[in-house]
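First up is the structure itself, then whatever we jot down about it.
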Amino acid sequence: MVAKSVPGWQGSDGSVGLTDWKEELRQAFTRPAELLAWLGLPAALAEPGAMDGFQMLVPRGYAELMEPGEPLDPLLIQVLPQAAEAEAHPAFVLDPVGDSAAALGPGLLQKYQGRALLITTPACAIHCRYCFRRHYPYAQASLGSDAWAAAVAAIAADPSIHEVILSGGDPLMLDDPALTALVAGLEAIPHLERLRLHTRLPVVLPSRITADLCGILTQSRLQPVVVIHANHPRELGPAAALALWSLRAAGVTLLNQSVLLRGVNDDPDTLTALSTTLFRHGVLPYYLHLLDRVQGSAHFEVPLPAALALMARLRRRLPGYLVPRLVREEPGAGSKIVLA
Ligand code: SF4
């Protein structure tokens, strides 16, 4: 069952709904009480004080996929500010993955050989409460065309870099002209081979995946890889399926990374269904991340022994190509740490 229809959004009958992604963003839920009332839930479930610089943001199409009247809905708890975020846990820090130590310049990070990562924008279409960049100092990164020009120059000067990852925030929050300019600057660098985007928009704001966007990604000489971020099979509704099909049909390689989250996907049935649903939509499960220990997210953590036990169950149920790799990111490490 899905929630009652939001005016202007027709997701429950299988149609795509709003076609203007910017307008859909303007209509996103930003006040917890409003979202909870719309779901038929008490306002007391949220703790607005927990937002502290990380406001709630939930597109209406994503809310449409939540179960009305269910306070523990796995989509809802990913986005609802809760009192637990304010609890202090010494092991949970502002920069759990060592982004600041990996900075080469404003908005440009390098952690791994042969790849560089561009923080393109602070903006996202949804605010995931467990986000490892929820405290990232975007204001100091002075993002924008000047920073991009410097980043592109730095990448051009290093022939060992063969792949650029556009990240953020969410790189698909850039509009088409900005994205076109950035891709043009990158494809002019002869030693670059691949362009990878890490984005949650095909899942949470599928209307962003337009024919024009597919053209920007596939008309470049760089091989396009889009790594989406889905944590639960119910996130992949009809509109997301259509968006993923459009990307696939245009020639984009699609992978998924998930975060293992307590109360969201820490059971074998959900993870099995996530893998099979992804594959049905042309996406290969790539990584299942142990939670990055960012301040405010301790209530989402799944202990390592439980994560390993889940992986063993998945391995018995699924063909190998549908089993994601369980990984942890350690600051300063030369690669992700593969745990299972
Ligand atoms: S979409 Fe990604 S970057 Fe944005 S809040 Fe969610 S996890 Fe963080």
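The values are calculated or read from the model by the stated rules, or taken from the named source; none is laboratory data. No experiment lies behind these values; they were computed from the predicted model shown. As a convention, Cβ positions derive from the backbone with ideal geometry for all residues, glycine included, and neighbour counts pool all protein chains shown. Just so you know, the surface numbers come from the protein's heavy atoms only, side chains and all, with ligands and any DNA or RNA stripped out. Shrake-Rupley method; radii C 1.70, N 1.55, O 1.52, S 1.80 Å.
Here is how the numbers come out for the structure above:
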item	result
Evaluated at q = 0.14, 0.15, 0.21, 0.31 Å⁻¹: base-10 log I(q)/I(0), Debye formula over Cα of the range 280-324	-0.44, -0.50, -0.81, -1.12
Largest to smallest accessible area among K111, K22 [probe 1.4 Å]	K22, K111
Debye log10 I(q)/I(0) for the chain, one point scatterer per Cα, at q = 0.07 Å⁻¹	-0.27
Cα gyration tensor shape for the range 250-292, rounded if a/c is under 1.5, else prolate or oblate	oblate
Sum of -39500 (n - 2.57) over DSSP H runs of 4+, divided by residues of the chain (222 nm, nearest 500)	-8000 deg cm²/dmol
Cα-based shape type of the range 252-340, given that a ≥ b ≥ c are square roots of the gyration tensor eigenvalues and the cut on a/c is 1.5	prolate
Using θ = phi - 60° and Karplus 6.51 cos²θ - 1.76 cosθ + 1.60, couplings along the range 69-84 (whole Hz; Gly, Pro as x)	x, 10, x, 9, 3, x, 7, 4, 6, 6, 10, 8, x, 10, 4, 4
Estimated vicinal HN-Hα couplings, Hz - the range 330-340 in sequence order (Karplus 6.51, -1.76, 1.60; Gly, Pro = x)	10, x, x, 6, x, 6, 5, 8, 7, 9, 6
The range 130-230 - percent relative contact order, Cα under 8 Å, separation 6 or more	28
Gyration tensor (Cα) of the range 63-138, equivalent ellipsoid semi-axes in angstrom	30, 17, 10
For the chain: relative contact order, % (alpha-carbon pairs under 8 angstrom, 6 or more apart)	17
Highest-fluctuation residue, V227, V93, V283 considered, GNM on the chain with Cα pairs under 10 Å	V93
Global geometry of the range 14-119, whether rounded, prolate or oblate, following the gyration tensor of its Cα atoms and the 1.5 cut on a/c	oblate
Relative packing of peptides 94-105, 70-81 - highest average C-beta neighbours within 10 Å first	70-81, 94-105
Total formal charge among the other residues, if their Cβ is under 13 angstrom from that of L75, Lys/Arg +1 and Asp/Glu -1	-1
Relative contact order for the range 206-340, counting Cα pairs under 8 Å that sit 6 or more residues apart, in percent	22
Net charge of Cβ neighbours under 13 Å - reference D267; Lys, Arg +1; Asp, Glu -1	+1
Alpha carbon Rg of the range 103-259, scaled by the compact-globule rule 2.2 N^0.38 Å	0.99
Rounded accessible area per residue of the chain, 1.4 Å, Å²	41
With every protein chain in place, the range 227-274: carbon and sulfur % of accessible area (1.4 Å)	55
Carbon and sulfur %, accessible surface of the range 34-140 computed with the full protein complex present, 1.4 Å	60
Karplus-derived HN-Hα couplings along the range 175-192 (A = 6.51, B = -1.76, C = 1.60, θ = phi - 60°), whole Hz, x at Gly and Pro	7, 4, x, 5, 5, 4, 5, 5, 5, 4, x, 6, 6, 6, 8, x, 7, 7
Gap separating the Cα centres of the range 218-292 and the range 108-128, nearest whole Å	18
Listed peptides 268-274, 154-160, 200-206 by packing density, highest first (mean Cβ within 10 Å)	200-206, 268-274, 154-160
Highest average packing first - 43-56, 183-196, 166-179, Cβ atoms within 10 Å	166-179, 183-196, 43-56
The range 46-95: proportion of alpha-carbon pairs further apart than 11 angstrom, %	73
